[in-house]
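Input: a single structure, listed below in structure tokens.
The values are calculated or read from the model by the stated rules, or taken from the named source; none is laboratory data. Not measured: the values here are computed from a predicted model. What goes into the accessible areas is simple: the full protein's heavy atoms, side chains included, and nothing from ligands, DNA or RNA. Shrake-Rupley method; radii C 1.70, N 1.55, O 1.52, S 1.80 Å.
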Amino acid sequence: MNQNRLLVLGNGFDLACGLNSTYADFFAWRFKKILEENSYAIPDPKNNANIFYSTRKFYQKNADNLEEIATSPNLPSWNFWDILFLSQNASDSPLMTDSKWCDIESTIKKAVTAILFNKGDKAYNEERIDKYLISPVDQLINTLRLYPDKVHLATFLLSELNKFERTFSTYIKQKKGNKGYQDRVSKVLKELLTPSFLLEAPHQEQATKHKNSILSFNYSLSNADDFINDVSIDRWINIHGYVGSKGNMDASLPIFGIDSTDIDENDPRIIFTKTFRVANGVVNYVQPLPKQVDLISFYGHSLSQADYSYFESLFDTYHIYSSDVSLYFYFGAFANSDDPEEDKRNTSMNNELRRQMTTNVYNLLAHYGKSLKENHGNNLFHRLLLENRIHIIERKGDRK
């Protein structure tokens, strides 16, 4: 029987294929360039920890004149967000201390909230601002937040974010040129989209009859990439942008955006939400979802609450409670080892990874179930189990 399949990809897919696509990897590359532009020595430039340490020393030395450095005509690539993340790496902004320093999108939300939205507990009140104005970046944030024209200020911050996104796009485009990554992409996609029995030679013709669609949260790939071969893909949807392939002039910039929860239409932060930026035409690669699917697979996602709105929209579209749609949640696991002790450790870690994924899947479905009428959501997970429509599958060897 032919099937319509939808594969939903997160950053874990790129990592499993060998792409250094974490935010920490990007900042190591970015900070190294900044240090080199300023002729600042790095003891071991191939070691990320040394790069971050050297960057902190550079920031501490230049904190009082960062604005002058950043606006130098010799450094046109610098922007507001570069300065903010330099400060984050140096732990120099008490206003931002409860953010993981290299988590780009949570930092964006805290920054635009501090600058643009000054109401109640959602922003920093005056007493907190006055108490913690001890760093140059906090002083810069306070100067900006006192600017009366919030619309103009939001436009400026978004323009600076576009520059930052362009730099991130350059980084991903460079990294995706790695031949090992390109070879691994086709292999893993084929395994995820094609059941194991169809990988056998006698069934290859049947495998090509299935309609495969991909919904990617990543910026790195699309079916425009000529190194993706031996995989039948009918449509590829890049919900947050695509850095492009060699010679491809139609790519859009990747977008960083904030969650729209608790942000209404009159909130100046709305232009930073992912939903608004996609709707505003920032992303060129958004296509309609397939009208019908029989199977939805997820790989490379932590299934965090920040992404619930996307997943729940999928569940609504395909009526997972009342339909026959099956859900497959894949997670990367450690390979078996010939060394008994290592194999024992890997087995233990894989068991923990499975427990974490099962918990995340349960929480996602429980949250989604609350939106269903007639209390159907109370038994959604149980129903999917009874009908054999939910599967949690490890992929050994995808973690190193």
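Some points to look at:
- For the set Lys100/Lys175; Lys190/Lys291; Lys32/Lys344; Lys46/Lys163; Lys61/Lys163; Lys100/Lys176, the pairs lying more than 31 angstrom apart at their alpha carbons are Lys32/Lys344.
- Rounded to the nearest 10 Å², the accessible area of Tyr321 at probe 1.4 Å: 40
- Shape category assigned to the stretch 297-400 from the gyration tensor of Cα positions, a/c cut at 1.5: prolate
- The rule of thumb for compact globular proteins, 2.2 N^0.38 Å, goes into the C-alpha radius of gyration of the stretch 13-57 1.23 times.
- Most to least accessible of Phe334, Phe156 (protein chains only, probe 1.4 Å): Phe156, Phe334
- Taking all protein chains together, His319, His367, His391 sort by accessible area into His319, His367, His391, largest first [probe 1.4 Å].
- Heavy-atom accessible area ranking, 1.4 Å probe, most first, across His240, His152: His152, His240
- Computed with a 1.4 Å probe on the full set of protein chains, the accessible area for Phe58 sits at about 10 Å².
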